[in-house]
Protein chains: 2
Amino acid sequence: MTDYVYNLLKQHHSVRKFNPNDIPEETIKELIEAGQNASTSSYLQTYSIIGINDPTIKEQLKEVSGQPYVVENGYLLVFVMDYYRHATINDDKKVDMSVSFESAEGLLVGAIDVALVAQNIAVTAEDKGYGMVYLGSLRNDVARVKDILGLPEHTFPLFGMALGEPADDENGEPKPRLPLEHIFHQNKYNSDKERQRQEIEAFDQTVSEYYRNRTNGERSETWSDQIAGFMSSKQRLEMLEQLNKSGFIKQ
Amino acid sequence: MTDYVYNLLKQHHSVRKFNPNDIPEETIKELIEAGQNASTSSYLQTYSIIGINDPTIKEQLKEVSGQPYVVENGYLLVFVMDYYRHATINDDKKVDMSVSFESAEGLLVGAIDVALVAQNIAVTAEDKGYGMVYLGSLRNDVARVKDILGLPEHTFPLFGMALGEPADDENGEPKPRLPLEHIFHQNKYNSDKERQRQEIEAFDQTVSEYYRNRTNGERSETWSDQIAGFMSSKQRLEMLEQLNKSGFIKQ
């Protein structure tokens, strides 16, 4: 019974600026191992991880992401939802498992499995003193990422992770989260809109103050303004088509 | 730079038999807090968690899941993908964000966000000496779970988690995982089928031996036989319809 992990996770913040030092291959292997030890739905293990240190490939992925830390990091991982090996088993055993990986259920299982592995890796890396940031921005152009990484059918790149020693002038800090009582419900979901509005309003003030403090008053937007701005811009509308093309949500 | 978390995660195994002692509310709050500190895509925080200690509700959820440890545990959590609060913001700000939560991209963001939170909770709980098991089986009947928990539109129950003190005769141990080189690729995906077949065959022997040892020879199935059996049975085929009904993957 310790508070070790609790205290570690409370310090988490995304790191977007790294020292140029590579992470040793041995450490990367430990991170992957720790990732694999996450729970996996029905033992399916529907994931692959691409470990990238080739600067040319990093540059290509940066073109998709637009973020400099896709290149400037200690190591880059890409997390792939993967039923390719299951498709091999399907062919060899002459069974019909296609519905399991082409259904919406197969997508949920796959995406969740991948995320559990990734989060184990994130936590293990932070415990070893590294910083990390998730790269959902690789989904800006899934077709291109598949091409760059040579991903076959029944696989799908969900996100990346940049890892490395935090730069000396990296000054991140934990970002406020929605109040616990807003996201945590006792026994039943509380869908009272008025209560929800009050909680969002309170959180808006917290976030506004957080930005004000961090930027010497230059930024002061609220959470709900951010959400409204971000979510009303059309994002990655081709995702369903891309999933279909890779063999997902076909039935 | 420590190996603390690495060593903790290497010991992970799902626990399905708990002592009847409740987990204190204070501890539950710490777990939720630790969960919230996981990275969240574009700060969206697309999750809610239902904490369940009401025995009647546990019984109802057990009817969906079929698993005794949905009732017999120290605490039960249900993880909900949640755009309900974003829909409130949508209405109040008079913007149109619907495409962001009704698209396949919105589903990926939501499911991944939820899983990151859940895995932080799992790791923190294990550090505190508790055991846990994920309950994908709540997806056996999503409509019923929504009804039991009073889940509104733009929410979707993804999975549960049973937590508690491992029972004294709980004798779980880490289960073998696919060889690291099978799931980890350097710079590009290696889609060589012959290599893959050899690795699966080797892993089949590992798994068969694992079962033989644990059951005094009663079970000895291979991984690929398990996969073929499980995945060729039709599982949760109504998931896309249920997602659509809850406002997901509509465009």
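Values quoted throughout were computed directly from the atomic coordinates according to the rules given, and no laboratory measurement underlies them. Fair warning: this is a prediction, and the values are worked out from it, not measured in the lab. Every residue, glycine among them, receives a Cβ derived from its backbone with ideal geometry; neighbour counts consider all protein chains shown.
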For n ≥ 4 DSSP H runs only, could you compute -39500 (n - 2.57) per run for the protein assembly as shown, divide by its residues and tell me the 222 nm figure to the nearest 500?
-14500 deg cm²/dmol
Once whole DSSP H runs in chain A are found, which of them have Cα atoms spread over 27 Å or more along the helix axis and a mean Kyte-Doolittle score of at least 1.0?
A:104-127
Size of the protein assembly as shown as Cα extents on the principal axes (Å, biggest first):
65, 58, 45
Treating only the Cβ of Lys, Arg, Asp and Glu as charged (+1, +1, -1, -1), what charge dipole size does the stretch B:141-185 show about its Cα centre? Round to the nearest 20 debye.
300
Quick one: label points 7 angstrom along Cα→Cβ at A:PRO24, distances to the other copies in nm, smallest first?
4.0
Sequence gap at least 6, Cα distance under 8 Å: using those rules, report the relative contact order of chain B to the nearest whole percent.
27
How would you rank A:8-20, B:196-208, B:111-123, B:42-54, highest first, on the average number of other Cβ atoms within 10 Å across their residues?
B:111-123, B:42-54, A:8-20, B:196-208
Take peptide B:24-36, look around each residue's Cβ out to 10 angstrom, count Cβ atoms belonging to other protein chains, and average those counts.
4
For A:ASP3 and A:LYS175, what does the FRET efficiency come to when R0 = 25 Å and r is the distance between their Cβ atoms, rounded to the nearest 0.05?
0.70
Taking the Cα centre of the protein assembly as shown as the origin and placing charges on Cβ (Lys, Arg +1; Asp, Glu -1), which of A:ASN7, B:TYR6, B:LEU240 is farthest toward the positive end of the dipole?
B:LEU240
Please compute P(r) over all alpha-carbon pairs of the stretch B:180-220, binned at 10 Å starting from zero, and give each bin as a whole-number percent.
28, 36, 24, 11, 1
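Placing unit charges on C-beta atoms (Lys and Arg positive, Asp and Glu negative, everything else neutral), compute the dipole magnitude of chain A about its Cα centre in debye, rounded to 20.
Rounded to the nearest 20 debye, it is 580 debye.
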Farthest toward the dipole's positive end in the protein assembly as shown, which of A:PHE101, A:ALA125, B:HIS182, given Cβ charges of +1 (Lys, Arg) and -1 (Asp, Glu) about the Cα centre?
A:PHE101
Spin-label model distance (nm) - A:LYS93 vs A:ASN53, 7 Å beyond Cα toward Cβ
3.7
